[in-house]
Amino acid sequence: MINALRTLLEAQPLMALFLTIAIGTVVGALSFRGFSLGIGAVLFVALVIGWLAPKSAPAPAVGTLGLALFLYAIGVHYGRDFFEGLASTDGRKANLLALIGVLSAAVVMVVMIRCGVAVGYALGLFAGSGTSTATLQAAIQRLGNDDPAVGYSVAYPFGVAGPILLLQLVFSFLKPRIDAPASATQELLEISVRNRDVIGKRLGDVVPTLPAGVQIIAVRDDRNRPATPEFVLAEDVVVLASGASPAALQEARQLLGESAAGRITSDRRDLDYLSVFVSRPALVGATLRDLAPPDDARHSVIQVRRGDADLLAQADLVLEFGDRVGVLAERSSFPAVRTFFGDSIKGTAEFSYVSVGLGIALGFLLGAISFPIPGVGGLAIGVAGVLVVGLIVGRWRRTRHLNWTIPLSASLVLRHFGLTVFLAQVGLASGPKFAATVADTGFLFLGLGAILLLAIAVPILVLGVYVFRMPFDQVGGIVAGACGNAAILGYVNKTVGNDRPDVAYAMIFPGMTIVKILVVEIVPSWFG
């Protein structure tokens, strides 16, 4: 029976790959007291199947393709947050903390090599403790063998569970005060125009004088209608103002007139609420300020929902494929508004194959360029070039008629599929060597993986909490970004209940991925 299964798997490598992905996903979903391996279980299942059927691994190019999809989708998704983080004081401080943690682990790794640990195994332990598949791929390509995959698979569980346990201990010990999450909902206020300083003026001239973030989304004279810049304010005209801050709305009321609750919202005969999907390519990459609907599709945007998040409908918000936009429009205009936005649910999964193909191709080209580094020689960043290009185009969002953005749902599919393909291919190829090495080393590699994990996380926690005096939720996001595992981020989000960890993770993860890759590219040159 075993021999027949081995023969089948080795005759059908792609079947072995997808069977590994299926079984690994089931195993990863199993939870023990809140801990699960998640997507990392695919690697462990692949190691077992690779040990059982040593010739069942697909070609290495299959794994490289999967990793390229993962890195590119990550770069596009976090590009803007990454560069904004580098430009802000908090972002630079957070990246400095993460860099200290990653370089601390790199120093420990070098000490391990000098104490006799093979270079390939040490690089894999470093990559596994930081749960970085991109680093693992870079190490494999740099050395030309699969030794790093062995160390990676041993250290990976510590890379997932260790930071969660540390954060739980710190949270229990410090009991930090966590700020309540900021509301992302729009507040509404109806105002009757009574201030003679604005009577007779165009709405387009009055809105810039209102408090920041306050917009006029509807007006009522003889009937309700969408707000337009050309509308002239008259006495007793009612305007519907929106904003994130009740205080700002009250300030706007003082500038315009007095409250008139229910004058607009209680009458839906002419103006009503409509929710539409953004699926028209011409709108993707445009800001709400730049929208220029035809006269028969006049509307006011009051809400944007992206994935599971509600976004404030601010003028500089950039639309993406699949955004669900809430508008106020005249009922007779509903068909034209739907046509203007596209309103196809397919938009939640559509993206430009031209931009994805071009972006990944440019990434491979960048990764193939060898940059001279004194004392090291030529250095090519390999598949990490895909991540770099992804970050750049993710910041651009759009260049002329080319959309670089990928809808969140499609991005998640690309990331998860690409990562599982890579882990399955690497595990299948490394199974025999993994079994032999673990049998020889016993618990040694387990201890080394735990030490490397502590070298990453502990400096960030100590310096972040006690030296930089950062909020615990931000420090938790930095630890998640430096360690590189979304499971850690999920734990922090569940613990603190706000979005600050997500912002810190977005600022940290791409840069630290590149740093880890550079470490495994440079360190082998020091040891011949």
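Along the principal axes of its C-alpha atoms, what lengths does the chain span, in descending order and rounded to whole Å?
Projected onto the principal axes, the Cα atoms of the chain cover 87, 52, 49 Å.
For the stretch 302-453, what is the convex hull (Cα atoms) projected area averaged across all directions, in square nanometres?
Taking a quarter of the hull surface, the average projection is 15.0 nm².
Mean separation of Cα pairs under 8 Å and 6+ residues apart, divided by the residue count of the stretch 187-348: what relative contact order is that in percent?
Reported as a whole number, the value is 25 percent.
Averaging over every viewing direction, what projected area does the convex hull of the Cα atoms of the stretch 187-348 cover, in nm²?
Its average projected convex-hull area is 8.8 nm².
Straight-line reach from Lys93: which lysines fall under 25 Å, measuring Cα to Cα and dropping same-chain residues less than 8 apart?
Counting by Cα, and skipping residues close in sequence, Lys93 has these lysines nearby: Lys175, Lys494, Lys516.
Quick check on the chain: helices-only [θ] at 222 nm, where DSSP H runs of length 4 and up contribute -39,500 (n - 2.57) each and the sum goes over total residues. Nearest 500, please.
Calculated at 222 nm, the ellipticity per residue is -18500 deg cm²/dmol.
Rank by packing, highest mean first: peptides 236-243, 358-365, 11-18, with packing defined as the count of other Cβ atoms within 10 Å averaged across residues.
236-243, 358-365, 11-18
Going by how many other Cβ atoms sit within 10 Å of their own, how do Ser245, Ser56 line up, fewest first?
Least crowded to most crowded, the residues run Ser245, Ser56.
Cross-link partners among aspartates and glutamates for Lys55, C-alpha distance below 12 Å, same-chain residues fewer than 8 apart left out?
Correct list for Lys55: Glu10.
Straight-line reach from Lys433: which aspartates and glutamates fall under 15 Å, measuring Cα to Cα and dropping same-chain residues less than 8 apart?
Straight-distance partners of Lys433: Asp146, Asp147.
Each reported figure results from applying straightforward, stated rules to the coordinates on display, with no laboratory input. Computed from a prediction, not measured in an experiment: that's the story for all the values here. FYI the Cβ positions are ideal-geometry reconstructions off the backbone, even for glycines, and counts take in every protein chain you see.
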